[in-house]
Every structure is written in structure tokens, then in C-alpha cells.
Amino acid sequence: MSILIDNNTKLIVQGITGRDGSFHTKAMLEYGTNVVAGVTPGKGGQSVHGIKVFNTVKDAVKETEANCSIIYVPLLFAADAIYEAIDAGIKLIICIAEGIPVLDMVEVTRYAEINNVRLIGGNCPGIISPGKCKVGIMPGKIHKQGSIGVVSRSGTLTYEVVQSITSAGYGQSTVLGIGGDAISGTGFIDILELFESDPETEAVAIIGEIGGDAEEQAGLFVKNKMTKPVFGFIAGKSAPPGKRMGHAGAIISSGKGTAESKITAWEEAGIKVLDRPDVFGEEISKYFKYNK
Amino acid sequence: MKIHEYQAKELLEKYGLPTPKSVVTSDPVKVKNSMSELGTAVVIKAQVHVGGRGKAGGVKIAKTPDEAFKAAQEILGMNIKGITVKKVLVAEAVDIKQELYIGITVDRSSKKIVFMASRAGGVDIEEVAANTPEKIEKIYIDPALGFKGYQARQLAFSLFDDSKLIKSSISIFTKLYNVFIDNDCSIAEINPLVITNNNELVAIDSKINFDDNALLKHPGFEELRDMDEEDADELHAKASGLSFIKLDGDIGCIVNGAGLAMATLDTIKLFNGNPANFLDVGGSSNPEKIIDAFNLILKDKKIKVVLINIFGGITRCDDIANGLLIAKDRINIPVPIIIRLTGTNSEEAHKILKAENISVYTNMDEAIKKAVAVSHEGEISQ
């Protein structure tokens, strides 16, 4: 097991003929992901790395029975591409694009919710269930199949933590980024819930950052609902207030969303809060030595 | 993106919201002459983006043309929190029976638009929000439904007892909501919205911020940007596809990804170093970005060492290595560089740099410890 994606995932790539879409389609195929179709309006009938391209998601789903879509289309068309995937019946949509207008995200996340669709992102690296399936832009090589679930708001910082875990000899059940924009489709709690009920996941690493209150809410969930051990890191302790640290979400405003508030909330929830990303492997291996 | 009060006021007027008569100018003589059309008393307000201008002396009331002239002279050129006042808004003074607050923003946790209203309007609204949040009525608007009539009524009943005001306020809420939606605002607020002695509602001051992500949809908004209010380096960085924030330490940082960049700064501090900047080069492999990054951070003469921390995903490490070589060739880098490269194509990158006798770290902690040690070197020998 793993969460969200596995060997049964049949993937559509929206924007497959673009530079990023084509590059990452190749990388996902090499990793073993079952990419069944691509979509680029006006380029139906072509093929990219041996994958057939369709004009619409609807056509692609009809012919391939795809159940997942990843979106690489340019920013201004991203929200529309999500609507298209939802209306074509796709139930898991991953959006990589960063910086979709906030009000567009407010509407599209609501539409996804009404249609029982799980939307991951935007501004996220995607999902990987090591050894089974990769739907995203992360380097496959640093991952290893195993029992640690990893969830994060960031991309490269997630790789850092994964590498630390892999170097310590542990693997991951599923790794995903929920996205660094102010509004994202899926939150920490949804993912923690899935990890808690996934038999393959034995422990969870959660990587948060300053801004908003998603970390505090996740802390409450861990405290009240989770039985598995959780290791955490909060990025942005050294960020000045009022400045947007790259991610739209990462901004401290009127004393709220500080690293201190999040760390306190997590410690109170029993999460083992680490002071830097490179020590996840070490701490996880300590835990398993003493508790097994 | 922030805009000035007078620009926000023009936008509100376009939507038919009631505002006082006013003029905008940088000429004290015009301020003096404006009294003939604005009435017997005027309020002269500094146009700067920073808050707290009233407490800094940037808002004055004048009752004669000479007073107005003098007040304008005092305010124009005044320095408020590092910004020089270049324009004033001169508005007819309105008699105020009560100050209210109304504002709209996006609530991240519910992913809904939230409309707020309070009877405790005025300069201390943030304290009200912090200390007595129950004094602020909040309506959450489902994006699938839009702003409903009953919600506007709920806001009206929370603000007013007078039936005439309850009625007339409904159109104000609706218009402000339209301003927010049509213009992709991140904030649209009127504070204070005042009740005059004649029981009229007037928007005395307003604040409108646009969602930076939506600026592509509204190309006209760029004209509203006041370059004097923006940090030149941060704007330059943005134009080059970099995300940059100046800090006050001595370790220059070039990192890919916002999360990793923040974690790099945190780890530098943890190891007793001081980062000079936040800099995210993003997910691209363009060597020009590395050159731009160096140019930006080397402007700061306090820099003692540059730390490059790259975890290649989309970014390919060999491209970063080549970019670094081009940068070293083209610009003078007077301080040591500590490089950490791992991830996509890192082996090729290490080969490229090794051939040039540049040593490369693969571990983040080790690279940061080294950079911190280098930043402290001068201090030991002094």
C-alpha cells in the first residue's frame, strides 16, 4: 500500500507537448509510471515519447480510462485545465503551476470539493510512491520504497528531508508536496488522515513553514487523531515579519503564522520537532531502534 | 501589490461608492486653492503605503487656505518610515457621528472569501481584531454561490440600528464586493466608513491591495505601481525571475526553492551564522539567473562568503555549475564561495567544478558549517 498513487494509477499529462510536460513525461515513464495519455488542445493525434496526445481530457479518459491527471499547462490556463479534468471525471488531479490567481484557486478548489475530486497543489512538486509510481517533478533517484510518509508545503526542502531519510537506510511509503501558494487543493490534515490509515506507513515526516495556520490545525489533528509517530520541521524561523519569503503562503502578518507558534503547537501535539532538515534520518532511526 | 489611498478612492468611486470630494496634488498652492471647491475645512493626508501615517504627523486638518498651505508644506517631503511624501490627498472634512469598519479578504483556512464588519472602526481596528474579535462580524462567502442578499443583511444588522442606514448600507457592501472580485483584490477595506450627522454613509479612507498572482490578468494595474515605494533590488530580482529579500547578515545565499531557502537561513542561524539575504533562484537552469543572483547579493559590501545550496529537481546541477563558471568569468567575486550541489545531474556538476579546482559539498549541514566558519574567520584574526 501507499497513499493516492500506486501501480493502479493511469495517468494523463495535460500540457504534454510543452517543454516541462514533455521532459517530465519522459522522467515519469522511466520511473515506471503508467502514463496512458497526453492532452494538448489542437495537437490531438500526435504522440510524445510514444504516448498518444488528445485534444480534450474527455476524449483521453474515454479511450484510456485514466484515473489521474497532472497539469503542466502555462499558468494562465492552469485553472481552466483543472476544471476540464474535473468535468471529465478524473478524481485525482495534481497541479504543478505556481502562482495561480488566488480567487481562481478559491473557485476551483470549491468546484473540486463539490465533485469529490482530490486536487493536489498548485505550486507543488507532485506525489511519489517509491518503487511504484511517480506523478510529479521530483528526482526519483533519492527515494526508496519504505514505511515513512512525507508531507510538505515545499518542493526542494522535501527532497532534502527525503534524502536524509534514505541515507539513514529508511524508505518512504508516499511523499507529496501540498503546495506553497496561499490556497491549495489539499491540506495537511487530509494527508495525515490517509497516512494514519495506510498500513504500510509506520511514521510520518511533516514539513511546514511560516504563514497561515495550517500547521497549527495539523497539530490538533495529530494530537487528537493520530497514533503513528510524527516528526516535523518548520521553515522560516529567521524570516522578517511582513515579507513574503518566496511562497505566497510564507508571510508573517500581524504577529500570526510565526514559526514559534507552529513549533509550540506541534510540540504540544507530541510531534518531535527537529531543528533542521538534515537530521530527519538520524532521529527516525533512533526512534525505530528504541521502539522496536 | 499595494496602491495609494487616492488610487483606491478612484476605484471605489468608479463603482459608485460614496466618498468625500477631494484633489490629489504635490503642490501646496493647489492645496490652498482647493479649499474654494472642497468647503470650509479640509483634511490633508500624506500618500504613502506604510501604516501609522497619522501618528507620524502625516494627516492634518485645515480650516483656512493659509492653514492648508502650511499643512501641505509640512507634509510634502516629510519622511514617514523611510518613505518621502510626494503627494497629498486633500479631502473635504466630513462631520463624523460614528466610525465603522468594513473589509473583504480571502480566508486561507476555509478557502472562502470573508466579509468583515465592525462598529469599532478607525485606526485601532487591528487591536479590536486581536483583543475583542467578537466585535467583528464575519461572513464567509461560498465561491460557488457568491455574495447573497441575506449575508448583506446580516452585515447591515450587525452594524446599524437605524432602518434607513440598514437599507442604504446594502448597496455599499455589494459594491465593495464587486470591487474585490472584479479586480482580484487580496484586500479591499473601508476604514473608517462613517455615519455623518445627516445619517449618510461616507467612505473616508480605504485600502486596496491586488493579488500579485492576478496582475497578469490586469495589465493596467502596473501603471498604479509607485516605484518609490518598492525596494529596487527586490523589484529587479523579480524581473530576473528571482525571489529576493535583503537581511542584515554577512553570508550571501543562493538557493533553489523557497522552502529550502528558508531552511538554509534557519540552519545558518542555528550554527551561529548570519544570513545576508533570502534568494530563491526558482526551478530553472538558466545560467543568467546565477549571474543575476551574484550581482544582486554582491551589492552588499558586508558579504564575507557566498553559500550556494542547490537540490536539483527540475533544476539541473550541471547547468548551475556551468552558470557558476560563466559568472566567475564575467564578474568579479571578491569573497569565497561555498557550493553544495545534489540531486539531478549532480555527478556531472561535480566533475565540471572539480576540473576547475572548485570543491563541492553534497551535504547541506557540512556546507553551511563551512560557510559560517568562513564568515567568522576575519573576526578571529582581528
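Tally up the residues in the stretch A:222-261 that are modelled with pLDDT of 95 or more and within 13 Å of another protein chain (Cβ to nearest Cβ), please. If you could, list the steps in order and put the result at the bottom.
Narrowing the stretch A:222-261 to residues modelled with pLDDT of 95 or more: A:222-235.
Filter again for within 13 Å of another protein chain (Cβ to nearest Cβ), leaving A:232-235.
Residues that pass the stated criteria total 4.
In the stretch A:100-125, which residue that is crowded, with 23+ Cβ neighbours inside 10 Å and within 12 Å of the chain's Cα centre (by Cα) is nearest to the other protein chains (Cβ to nearest Cβ)? Once the filter is applied, the top-ranked residue is A:Pro125.
The number of residues in the stretch B:242-267 being more than 11 Å from every other protein chain (Cβ to nearest Cβ), buried (at least 24 other Cβ atoms within 10 Å of the Cβ) and in a loop (DSSP other than H, G, I, E, B) comes to 0.
Scan the stretch B:334-355 residue by residue and report those that are touching a strand residue (DSSP E or B) at 6+ places or on another chain (Cβ under 7 Å) and more than 14 Å from chain A (Cβ to nearest Cβ). Don't jump to the end; show me each part of the working.
Looking only at the stretch B:334-355, we keep the residues that are touching a strand residue (DSSP E or B) at 6+ places or on another chain (Cβ under 7 Å), and these are B:335-346, B:349-350, B:353.
Those that are touching a strand residue (DSSP E or B) at 6+ places or on another chain (Cβ under 7 Å) and more than 14 Å from chain A (Cβ to nearest Cβ): B:Val335, B:Pro336, B:Ile337, B:Ile338, B:Ile339, B:His350, B:Leu353.
In the stretch A:149-180, which residues are farther than 24 Å from A:Lys286 by Cα, within 8 Å of the chain's Cα centre (by Cα) and within 9 Å of another protein chain (Cβ to nearest Cβ)? A:Arg153, A:Gly177, listed by residue number.
Here is a list: B:Ala71, B:Ala46, B:Ala56. Which entry is buried (at least 16 other Cβ atoms within 10 Å of the Cβ) and out of contact with any Lys or Arg (no Cβ under 6 Å at 6 or more places or on another chain)? B:Ala56 is the lone residue from the list that is buried (at least 16 other Cβ atoms within 10 Å of the Cβ) and out of contact with any Lys or Arg (no Cβ under 6 Å at 6 or more places or on another chain). Within the set A:Ala85, A:Ala97, A:Ala81, the sole residue that is closer than 23 Å to B:Asn213 by Cα, part of a loop (DSSP other than H, G, I, E, B) and either within 14 Å of chain B (Cβ to nearest Cβ) or not polar (S, T, N, Q) (or both) turns out to be A:Ala97. Restricting B:Ala152, B:Ala91, B:Ala156, B:Ala120 to those that are at pLDDT below 95 and of a type in the set (A, V, I, L, M) reduces the list to B:Ala120.
Any chance the stretch B:288-305 includes a residue that's of a type in the set (Gly, Ala, Ser), touching an Asp or Glu at 6+ places or on another chain (Cβ under 8 Å) and in the same structural domain as B:Ala349 (by TED's automatic domain parsing)?
Checked against the condition, which is being of a type in the set (Gly, Ala, Ser), touching an Asp or Glu at 6+ places or on another chain (Cβ under 8 Å) and in the same structural domain as B:Ala349 (by TED's automatic domain parsing), the stretch B:288-305 yields no hits at all.
Within the stretch A:194-207, the set of residues being touching a Gly at 6+ places or on another chain (Cβ under 9 Å) and either in a loop (DSSP other than H, G, I, E, B) or modelled with pLDDT under 95 (or both) comprises A:Asp198, A:Glu200, A:Thr201, A:Glu202.
Among the residues making up the stretch A:219-240, those that are closer than 20 Å to A:Val162 by Cα and either not assigned by TED's automatic domain parsing to the domain that holds A:Arg153 or not β-branched (Val, Ile, Thr) (or both) are A:Lys228, A:Pro229, A:Phe231, A:Gly232, A:Phe233, A:Ala235, A:Gly236. Listed by position, the helices (runs of 4 or more DSSP H) enclosed by the stretch B:309-382 that each have at least 3 residues that are assigned by TED's automatic domain parsing to the domain that holds B:Ala261 and farther than 21 Å from B:Gly282 by Cα are B:346-355, B:364-381. For the stretch B:1-30, the set of residues classified as out of contact with any Leu (no Cβ under 9 Å at 6 or more places or on another chain) and more than 28 Å from A:Lys243 (Cα to Cα) consists of B:Glu13, B:Lys14, B:Gly16, B:Val29, B:Lys30, listed by residue number.
Filtered by the rule that a residue be more than 20 Å from A:Ala235 (Cβ to Cβ), within 14 Å of chain A (Cβ to nearest Cβ) and either in contact (Cβ under 8 Å) with a residue 60 or more places away in the chain or of a type in the set (S, T, N, Q) (or both), the stretch B:268-319 gives B:Ser284, B:Ser285, B:Asn286. Would you check if B:Gly283 is assigned by TED's automatic domain parsing to the domain that holds B:Ala371, in a loop (DSSP other than H, G, I, E, B) and closer than 21 Å to B:Leu324 by Cα? It is true that B:Gly283 is assigned by TED's automatic domain parsing to the domain that holds B:Ala371, in a loop (DSSP other than H, G, I, E, B) and closer than 21 Å to B:Leu324 by Cα.
Quick one: would you say A:Ile142 is out of contact with any Gly (no Cβ under 6 Å at 6 or more places or on another chain) and assigned by TED's automatic domain parsing to the domain that holds A:Gly171?
Details: out of contact with any Gly (no Cβ under 6 Å at 6 or more places or on another chain): yes; assigned by TED's automatic domain parsing to the domain that holds A:Gly171: yes.
The answer is yes for A:Ile142.
Residues of the stretch B:283-300 that are surrounded by fewer than 20 Cβ atoms within 10 Å (Cβ to Cβ) and touching a Gly at 6+ places or on another chain (Cβ under 6 Å): B:Pro287 alone.
The residue that is farthest from A:Leu92 (Cα to Cα), counting only those in the stretch A:7-37 that are among the polar types (S, T, N, Q) and within 14 Å of chain B (Cβ to nearest Cβ), is A:Ser22. Picking from residues in the stretch B:135-156 that are within 14 Å of chain A (Cβ to nearest Cβ) and buried (at least 19 other Cβ atoms within 10 Å of the Cβ), the one that is farthest from the chain's Cα centre (by Cα) is B:Phe147.
Check the stretch B:116-134 and report whether any residue there is among the small types (Gly, Ala, Ser), surrounded by 14 or more Cβ atoms within 10 Å (Cβ to Cβ), away from chain A (no Cβ under 13 Å) and farther than 29 Å from A:Asp213 by Cβ. No, the conditions are met nowhere in the stretch B:116-134.
Please work out if A:Ile5 is modelled with pLDDT of 95 or more, in contact with a strand residue (DSSP E or B) (Cβ under 7 Å, 6 or more places away or on another chain) and part of a strand (DSSP E or B). Against the criterion (modelled with pLDDT of 95 or more, in contact with a strand residue (DSSP E or B) (Cβ under 7 Å, 6 or more places away or on another chain) and part of a strand (DSSP E or B)), A:Ile5 does not qualify.
The values are calculated or read from the model by the stated rules, or taken from the named source; none is laboratory data. Computed from a predicted model, the values in this text were never measured in an experiment. Backbone-built Cβ (ideal geometry, glycine too); neighbour counts: all protein chains shown.
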